[in-house]
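The block underneath contains the structure these notes are about, expressed in structure tokens.
The values are calculated or read from the model by the stated rules, or taken from the named source; none is laboratory data. For clarity, every value in this text was computed on a predicted model and none was experimentally measured. So basically every Cβ, Gly included, is an ideal-geometry build from the backbone, and we count neighbours across all protein chains shown. Surface accessibility is based on the protein's heavy atoms, side chains included, excluding ligands, DNA and RNA. Shrake-Rupley method; radii C 1.70, N 1.55, O 1.52, S 1.80 Å.
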Protein chains: 4
Amino acid sequence: MLLRVTCDLVFNIEIPTPFILMLRPRSGAQQWITRETYNIEPNLQAYEFTDFFGNLCQRIIAPIGTFSVFTQADVKISKYIDEAPGANFIDVQNLPDNVLSYLLPSRYCESDRFSELANNITYNQLPGYNQVAAIENWLRNTISYIPGSSDYAISAIEVNYKQSGVCRDLAHLGIALCRSLSIPARMVVGYLHKLDPMDMHAWFEAYVGGRWYTFDATQTGRKGGYVAVGYGLDAANVAVFNQFGPAVYPTKQVIKVEQIKN
Amino acid sequence: MLLRVTCDLVFNIEIPTPFILMLRPRSGAQQWITRETYNIEPNLQAYEFTDFFGNLCQRIIAPIGTFSVFTQADVKISKYIDEAPGANFIDVQNLPDNVLSYLLPSRYCESDRFSELANNITYNQLPGYNQVAAIENWLRNTISYIPGSSDYAISAIEVNYKQSGVCRDLAHLGIALCRSLSIPARMVVGYLHKLDPMDMHAWFEAYVGGRWYTFDATQTGRKGGYVAVGYGLDAANVAVFNQFGPAVYPTKQVIKVEQIKN
Amino acid sequence: MLLRVTCDLVFNIEIPTPFILMLRPRSGAQQWITRETYNIEPNLQAYEFTDFFGNLCQRIIAPIGTFSVFTQADVKISKYIDEAPGANFIDVQNLPDNVLSYLLPSRYCESDRFSELANNITYNQLPGYNQVAAIENWLRNTISYIPGSSDYAISAIEVNYKQSGVCRDLAHLGIALCRSLSIPARMVVGYLHKLDPMDMHAWFEAYVGGRWYTFDATQTGRKGGYVAVGYGLDAANVAVFNQFGPAVYPTKQVIKVEQIKN
Amino acid sequence: MLLRVTCDLVFNIEIPTPFILMLRPRSGAQQWITRETYNIEPNLQAYEFTDFFGNLCQRIIAPIGTFSVFTQADVKISKYIDEAPGANFIDVQNLPDNVLSYLLPSRYCESDRFSELANNITYNQLPGYNQVAAIENWLRNTISYIPGSSDYAISAIEVNYKQSGVCRDLAHLGIALCRSLSIPARMVVGYLHKLDPMDMHAWFEAYVGGRWYTFDATQTGRKGGYVAVGYGLDAANVAVFNQFGPAVYPTKQVIKVEQIKN
């Protein structure tokens, strides 16, 4: 399955503004970038680095005036998403070193406050994949998913209190619940084919049975079509753009995901 | 100045429990470990790794029964702590890559919610060191410091609401305020000579003028005597011990800091 | 200046063969990848990782039969290459940690054997950039550059003995000479506009005056047109493809560098 | 088994000389540092970092005059060394990313030149541990081990030509032979109990059956007593001290390894 994903952003900059962009998807076990376009206007000196989580980030200073970022990638992905009912819980002592950080509470995932709820939700489940699937299911049935985006991120505690949220919010609560059971969980931002309404999307991954698996409580069934752009502890680490100084919002933001021929 | 620092912990373990310990101070620009003792009883297979933040962490599974961790180090430090009034604010675009993470909000430092307060506190200050010093001073005068420890960590928002806290809480609020001004700030845990009552201590560092400087709103003046053991985004990353599974508390915890002869 | 670089490789694989490819140029201070195509046939599960030197590497197992790798990128670069006569030698104690490795001898750069020659070549030169420029000049005048490629890499000692070599060989000797003066030096492979005959190219960078500068003894003057694909200690670390098991050579290898319109 | 290892070095410094020391053993799966002393005279500003290979390195500038480094550690190790006849060869595609570097040729291990010899030596052996054991055995029977140290390191090709060498030389040839069979191999420097004559020691490790195993052709049988201090590609990366500028040799070098009571 070949998807063409597009993110077209335009900003109106009033003072020179440093940006960190995270819009370059990486080839990985589940996706291969066959073609990529990445344009920034005006032409700027940009500098790329790899962050703690393995994301490719571009540092740039947007000058006064119209600043546009256009990125498009053709990505080969599987039609189906891996599922593994029964995949086992990995004891903390056997987790790889670089997975340990995903056990700790973070800005929007106060996992230190959710162990009772997580235990109730996963009561009677086999430890591991099945616990995470139960959490995903509980989210789907309990927290109303309101597509679209919200102006500012709220944390898992607030999401649980409101009982509704955008994709990011459901992911945050899912991550907090997993971590409270000592299951590593991380945030993913990217694209999802046929997401309605179309937008950037957020979901989560949990580490069970020796690898990361994808979970998404905003969708009714497990299906393919995901293109990951960034990974992190939570929304604090995976903004597709981080901008410093007075807040700047895109005046144009077009996201597209189309299936194209191989 | 040569300090001997000791941390002696005993736990009563009821089920085999994975621990991650962060009790091995590293030699750095401001401290040199001349002698170190690190004993774990019973004798266990332990494994050491370096985390994202450069801390040496030891992974271990504590077996059922009495589990004790004894660590002692003789550390050469300076009598004085570096101060740099006037040290300048570093524009985000000029920060080193590995400092950028310390700009983002984290579990206990919701810097995304503090820009108004931070601007009020630092009104009229020269950007950089002086802003941080103003924040430290404001904390000292506004938030009551209650020595000792609390059972569970509260976040900067909660600290600001309560207007009082332990050392960790004042550090969290200081960090959140700095980051909201785009000044990188990080949590440090370690030892402080003549801390009263003696305990592990927490303070914060801010990155201005091209390097990290130490700030501590719990103390009345700037003085030496700090031994850093761990660095992180906030208390979520710098627990001297992290234990997974049912909560375990030390049945004995003795912390000592003595000045010894060179 | 916008360059379109193409590398088109075809192999005839007789037994399943693991490959590590290093053909994905990264955006950096001196180049910006505006468009990239990366196709592998047949369609394979590939996995990307970042090596010690910051290169993006793709791991793949080529199956029996025709295996082709096609990569093309449009890269914005400067028309001119930075020069800095007089840029100073950086004392070892002031070098960044991650630059220190480039001081040590490596497979093809036996810098431990070249200090006398390096001192002779750079006699009377200001320490730093001027020493490296003198080395580059000496290579240009002393070692005959034979365009094209050789079947197997020879080391700086052998290059110096033969007094001739391909681009890689001149780079190796340049690197060995720099390192013997405690100047960090690294190998770069990539593309060069108007290289004649066209092929992948290799040159070297030296760290003076606080940053890396480009040197290339195979060219008569300093000019732009370089696109870096990989960095390493020497040719042992920067093969654009590394293959394990019985040797496999491309049955087709087309390299192109064209200037295109912005 | 508890060993006390001591390394006591004295230098006579004529001009201020930058040093990188690698004398701080780390706790790992097979060794636990229970006590450590690390003194440098005169008292110097030192700075510690972790290199690519995970070694703790200390950067320092030795001033004119007598410069001494004293380091002593009590290390708990196993009495026996792990052996695993039959442990399987790991296909390159299944090796962890951070092990791949140990497949490449390096300064003193020209593995690209040894595949014929390696195939002869390991003819008829089960791929994996048994191949490495055959290499170790061949080294023991073929290359005369001359205890002591040599002034400058020679490479595997030269060792094979001379048919004799110090511990480092046998390790280099062993590493080159393993890598030529696509078995990752690395150099280790450290201490060995009852080494005669006592000195710092060097051996090698090979990655088979999913982990690193210890090999040492200088000893007649497999026995415990090893304390690792540094790991690297070869002697170029694991000098216990690296000094830059005019060569400096220790005027005193005392190495001790004693068994002490638990």
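What FRET efficiency would be calculated for the residue pair residue C:164, residue C:47, taking the C-beta separation as r and a Förster radius of 45 Å, to the nearest 0.05? With R0 = 45 Å, the Cβ-Cβ based efficiency is 0.70. Ranked by solvent-accessible area (1.4 Å probe, protein heavy atoms only, all chains present), the residues D:82, A:74 order from largest to smallest as D:82, A:74. Comparing B:137, B:231, B:198 along the charge dipole axis of region B:127-241, the residue lying farthest to the positive side is B:137, per the Cβ-charge model.
Relative to a virtual label point 7 Å from the Cα of residue D:1 in the Cα→beta-carbon direction, which members of region D:23-57 show backbone nitrogen distances below 17 Å? Backbone N within reach: D:28-34. Axis of helix A:167-180 versus longest Cα principal axis of chain A: the two differ by about 40°, to the nearest ten degrees. Note that the protein assembly as shown presents 39 Å² accessible area per residue, ligands and nucleic acids not counted, probe 1.4 Å.
In this structure, residue C:252 and residue C:146 have a Cβ-Cβ separation that, at R0 = 30 Å, corresponds to a calculated FRET efficiency of about 0.85. Using the alpha carbons alone, the radius of gyration of the protein assembly as shown stands to its Kirkwood radius in an Rg to Rh ratio of 0.94.
Peptides B:5-11, C:188-194, C:91-97 ranked from most to least packed by the mean count of surrounding Cβ atoms within 10 Å: C:188-194, B:5-11, C:91-97. The mean number of Cβ atoms from other chains found within 10 Å of a Cβ in peptide D:152-161 is 1, as a whole number.
Over region D:92-235, what is the relative contact order in whole percent, taking alpha-carbon pairs under 8 Å and six or more residues apart?
On the way: 260 pairs, mean separation 39.8, N = 144.
Once divided by the residue count of region D:92-235, the mean separation gives 28 percent.
Chain D and chain B together bury an accessible surface of about 2100 square angstrom, both sides counted, with a 1.4 Å probe and no ligands or nucleic acids included.
For chain B, the dipole from Cβ point charges (+1 on Lys and Arg, -1 on Asp and Glu) about the Cα centre works out to 580 debye, to the nearest 20. Working note: 222 nm ellipticity from helices only, DSSP H runs with n ≥ 4, each -39,500 (n - 2.57), summed and divided by the residues of chain B, gives -5000 deg cm²/dmol to the nearest 500. Karplus-based coupling profile of region A:14-19, in residue order and whole Hz: 9, 9, x, 10, x, 10, with θ = phi - 60° in 6.51 cos²θ - 1.76 cosθ + 1.60 and x standing for Gly or Pro. Can you give me the C-alpha center-to-center distance between region A:219-262 and region D:59-73, rounded to a whole angstrom? First find each Cα centre; the distance between them is then 53 Å. Principal semi-axes of the equivalent ellipsoid, √(5λ) from the alpha carbon gyration tensor of region C:17-102, are 34, 19, 9 Å from largest down.
Relative to the Cα centre, the charge distribution of region C:92-235, modelled as +1 at Lys and Arg Cβ and -1 at Asp and Glu Cβ, gives a dipole magnitude of about 300 debye. Among the trypsin sites (Lys or Arg not before Pro) in region D:1-87, those located in a DSSP loop and surrounded by at most 12 other Cβ atoms within 10 Å of their own Cβ are D:79.
Helix D:129-142 versus the longest principal axis of chain D: what is the Cα-based angle in degrees, 0 to 90, to the nearest 10? Long axis of D:129-142 versus the principal axis of chain D: about 70 degrees. With the largest listed first and rounded to whole Å, the semi-axes of the equivalent ellipsoid of chain A from the Cα gyration tensor are 31, 20, 17. What you get for the protein assembly as shown, charging only the Cβ of Lys and Arg (+1) and of Asp and Glu (-1), is a dipole of about 0 debye around the Cα centre.
Label-to-label distances for residue C:140 across copies, nearest first, come out at 5.7, 6.0, 6.7 nm, using points 7 Å from Cα in the beta-carbon direction. The 3J(HN,Hα) values that the Karplus relation (6.51, -1.76, 1.60; θ = phi - 60°) gives for region D:181-196 are, in residue order, 9, 6, 9, x, 9, 9, 8, 10, 10, x, 10, 9, 4, 6, 4, 9 Hz. Gly and Pro appear as x. When only alpha carbons are used to place a centre, region A:118-165 and region B:111-164 end up 33 Å from one another. The share of accessible area on the protein assembly as shown that comes from carbon and sulfur is 49 percent, using a 1.4 angstrom probe. Separation of the alpha carbons by more than 32 angstrom is noted, of A:162/B:252; B:223/B:252; A:162/A:194; D:223/D:252; A:223/C:261; C:162/C:223, for A:162/B:252; A:223/C:261.
Hey, got a sec? Which chymotrypsin sites (Phe, Trp or Tyr not before Pro) in region A:16-114 land in a DSSP loop and have at most 13 other Cβ atoms within 10 Å?
When the chymotrypsin sites (Phe, Trp or Tyr not before Pro) of region A:16-114 are filtered for loop state and at most 13 Cβ neighbours within 10 Å, A:80 remain.
Since only A:99, A:176, A:125 are under comparison, the one whose Cα sits farthest along the positive direction of the charge dipole of region A:92-235, derived from C-beta charges on Lys, Arg, Asp and Glu, is A:125.
Extent along the principal axes, Cα only, for region C:92-235: 41, 30, 27 Å, with the longest axis given first.
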